[in-house]
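The values are calculated or read from the model by the stated rules, or taken from the named source; none is laboratory data. Worth saying up front: this structure is predicted, and the values here are computed from it rather than measured. Cβ placement follows ideal geometry from the backbone for every residue including glycine, while neighbour counts extend to all protein chains displayed. The area values use the complete protein model at the heavy-atom level, side chains included, leaving out ligands, DNA and RNA. Shrake-Rupley method; radii C 1.70, N 1.55, O 1.52, S 1.80 Å.
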Amino acid sequence: MKAHSGRATFDISHTVTGYPWSDIGEGLVVDMGGSIGFASMAISETNPNLKFVVQDQEHIITEEAKAAVPAHLKSRVRLEVHNILNPQHVQADVYFFRWVFHGFTDRYALQVLRALIPVLKRGAKVVINDGVIPDPSTVSWMEYRSMRCMDMLGQAVNNSGERSVDDWNNLFRKADDRFKVLGTWKPPKSAMWFIEAEWQP
Ligand SMILES: C[S@@+](CC[C@H](N)C(=O)[O-])C[C@H]1O[C@@H](n2cnc3c(N)ncnc32)[C@H](O)[C@@H]1O
């Protein structure tokens, strides 16, 4: 995983520059399955109006992890334990998932999305930064094979796998028809895509 995610196409800089974070204005982002918060920390460095709550499992959100948040970000990046399969309790502007859904079969991915509904306000966004199985003719041969490898690995290890753009659209539709997918895009030189949906009750 370290070798895989260490490649330039998976660099965190694509997550920082590939989404218009500054358009959120003064807002709260919940970084779900956010590990020890490195994505939130990277985004917060260039977006001083944003605050982040990073949610992950108990063995990840340790006292050491909390202490490692740099002093200048401590007031804006908070780490907490939360099982993302359980109902969300934080009302936010954006619920962000980086490299999380590809580890979940549709059954659990639907549970994660539906667990947000009790706290969603009109216009809240779900922003996913994850793999998409591209059309073979649209990316390089290496990139196509790499995503297919991730897909097979996911199927073998987790019974999950990568999703095509249609699969992502269907996932949101199945979760609840009040989720509207606004767009799917791949930032230049990134292997990971963005899938953005909005809660429109
Ligand atoms: C592949 S890692 C991605 C981590 C990080 N978002 C990134 O971009 O590298 C998946 C993360 O989801 C977390 N996770 C898995 N199941 C979870 C659950 N039920 N509740 C909370 N976090 C969970 C894992 O602990 C892990 O940190």
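Among the conditions (1) at pLDDT below 95; (2) outside any helix (DSSP H, G or I), the only one that residue 4 does not satisfy is (2). Only a single criterion out of (1) at pLDDT 95 or above; (2) farther than 21 Å from residue 33 by Cβ is not satisfied by residue 100, namely (2).
Across the stretch 76-95, what is the total count of residues that are open to solvent by 50 Å² or more (accessible area, probe 1.4 Å) and among the β-branched types (Val, Ile, Thr)? Spell out how you get there, then give the answer.
Going through the stretch 76-95, the residues open to solvent by 50 Å² or more (accessible area, probe 1.4 Å) turn out to be 78, 81, 83, 86-87, 89, 91.
Adding the requirement that they be among the β-branched types (Val, Ile, Thr) leaves 81.
Residues in the stretch 76-95 being open to solvent by 50 Å² or more (accessible area, probe 1.4 Å) and among the β-branched types (Val, Ile, Thr): 1 in total.
Quick one: is residue 40 away from the ligand (no atom under 15 Å from the Cβ), part of a helix (DSSP H, G or I), of a type in the set (S, T, N, Q) and modelled with pLDDT of 95 or more? No; evaluated as a whole, the condition is false for this residue.
Residue under question is residue 118, and the condition is that it be of a type outside the set (Asp, Glu) and touching a residue at least 12 places away in the same chain (Cβ under 8 Å); does it hold? Before you say what the answer is, go through the steps one by one.
Numbers: of a type outside the set (Asp, Glu): yes; touching a residue at least 12 places away in the same chain (Cβ under 8 Å): yes.
Considered against the rule, which asks whether it is of a type outside the set (Asp, Glu) and touching a residue at least 12 places away in the same chain (Cβ under 8 Å), residue 118 comes out as yes.
The number of residues in the stretch 152-166 that are over 12 Å from residue 104 (Cβ atoms) and of a type in the set (Asp, Glu) comes to 1. Number of residues in the stretch 66-95 that are in contact with a Gly (Cβ under 7 Å, 6 or more places away or on another chain) and either in a strand (DSSP E or B) or within 11 Å of the ligand (Cβ to nearest atom) (or both) equals 4. Just so you know, in the stretch 11-32 the residues that are open to solvent by less than 10 Å² (accessible area, probe 1.4 Å) and in a helix (DSSP H, G or I) include one that is nearest to the ligand (Cβ to nearest atom), and it is 15.
Within the stretch 96-133, the residues that satisfy the criterion of being open to solvent by 10 Å² or more (accessible area, probe 1.4 Å), of a type in the set (A, V, I, L, M, F, W, C) and away from the ligand (no atom under 14 Å from the Cβ) are 117, 119, 120, 133. In summary, residue 151 fulfils each of the numbered conditions (1) in contact (Cβ under 8 Å) with a residue 60 or more places away in the chain; (2) crowded, with 17+ Cβ neighbours inside 10 Å; (3) acidic (Asp, Glu) with the single exception of condition (1). Scanning the stretch 48-60 turns up one or more residues that are at pLDDT 95 or above, open to solvent by 70 Å² or more (accessible area, probe 1.4 Å), closer than 21 Å to residue 123 by Cα and not polar (S, T, N, Q). Here residue 53 meets the list (1) free of Cβ contacts under 8 Å to residues at least 12 places away in the same chain; (2) touching a strand residue (DSSP E or B) at 6+ places or on another chain (Cβ under 7 Å); (3) not acidic (Asp, Glu) almost entirely, failing just condition (1).
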